[in-house]
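Colleague: First the structure, then my questions, so here it is.
The values are calculated or read from the model by the stated rules, or taken from the named source; none is laboratory data. This is a predicted model, so every value here is computed, not measured. Backbone-built Cβ (ideal geometry, glycine too); neighbour counts: all protein chains shown. What goes into the accessible areas is simple: the full protein's heavy atoms, side chains included, and nothing from ligands, DNA or RNA. Shrake-Rupley method; radii C 1.70, N 1.55, O 1.52, S 1.80 Å.
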Amino acid sequence: MIGMALQQRRASLRKHVLITCSALGLAAFLLAGCGTPQPSSQGERKAEPQVATAPAPAPGAAATTGQPDFALTLEKKEVTFADVSVPAAVTIKLTAQGGFDLSKLTFRAEGLPDFITADFGQVTASGNEGSVVVQFRITKTDAERADYPVKITAEGEGVSHTETITVKVVKLQC
């Protein structure tokens with residue numbers, strides 16, 4: 001009888017120890033953050049609190065970082081010279097983002113031959129929309145037929161954007 005009472009006491013003690021250890025393990029888990037398990041340096045997984053994040057922008061949408069920026073779009077992707085006396089004009093559309101000041105932009109054209117010039121007008125802006133006109137002029141009456149890829153760059157406030165336009169020279173009339 002004593003042997004049986006001893007066995008029951010041991011079984012009861014084992015249950016008590018298991019319940020106590022389980023409760024301590026649960027308490028430790030809850031105190032550790034009760035979050036998403038992440039691998040530790042030893043390959044074990046430990047709890048880490050979850051952090052809410054903003055959803056990513058839709059594909060093709062501009063990221064809204066709050067940093068001043070702008071977008072530039074050319075009205076045409078190509079201009080053609082057929083007459084020396086008539087300049088070719090292109091409107092550049094501008095859109096400010098994050099409080100960017102469009103009036104601080106400077107412009108340049110790269111890739112023009114020596115006999116074609118590019119003159120940029122003043123930026124006109126209202127709210128976050130604006131535009132500027134670039135006029136291309138040809139100065140050589142005997143220029144050969146050719147296509148010139150020209151990079152139009154706008155920059156200001158530490159930001160720059162470039163678009164390419166093709167300037168075509170066809171048989172010129174004087």
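Colleague: Pick from region 107-135 the residues that are touching a Leu at 6+ places or on another chain (Cβ under 8 Å) and hydrophobic (A, V, I, L, M, F, W, C): which of them is most open to solvent (accessible area, probe 1.4 Å)?
Modeller: This residue is Ala125.
Colleague: Just to verify a result, which residue in region 155-174, among those that are surrounded by 14 or more Cβ atoms within 10 Å (Cβ to Cβ) and charged (D, E, K, R), is farthest from Thr95 (Cα to Cα)?
Modeller: Across region 155-174, the extreme among qualifying residues is Lys168.
Colleague: Being hydrophobic (A, V, I, L, M, F, W, C) and exposed (fewer than 13 other Cβ atoms within 10 Å of the Cβ): is that true of Val86 here?
Modeller: Criteria met by Val86.
Colleague: Search region 80-95 for residues being β-branched (Val, Ile, Thr) and assigned to a loop (DSSP other than H, G, I, E, B), and hand back the single one that is modelled with the highest pLDDT.
Modeller: Of everything passing the filter in region 80-95, Val86 is modelled with the highest pLDDT.
Colleague: Could you please give the count of residues in region 126-161 that are polar (S, T, N, Q), free of Cβ contacts under 8 Å to residues at least 40 places away in the same chain and part of a strand (DSSP E or B)?
Modeller: 2
Colleague: Could you please give the count of residues in region 145-154 that are open to solvent by less than 70 Å² (accessible area, probe 1.4 Å) and either touching a Lys or Arg at 6+ places or on another chain (Cβ under 6 Å) or under 19 Å from Thr95 (Cα atoms) (or both)?
Modeller: Residues that pass the stated criteria total 3.
Colleague: Now for a different question. Does Arg108 satisfy the criteria of being under 13 Å from Val79 (Cα atoms) and part of a strand (DSSP E or B)?
Modeller: no
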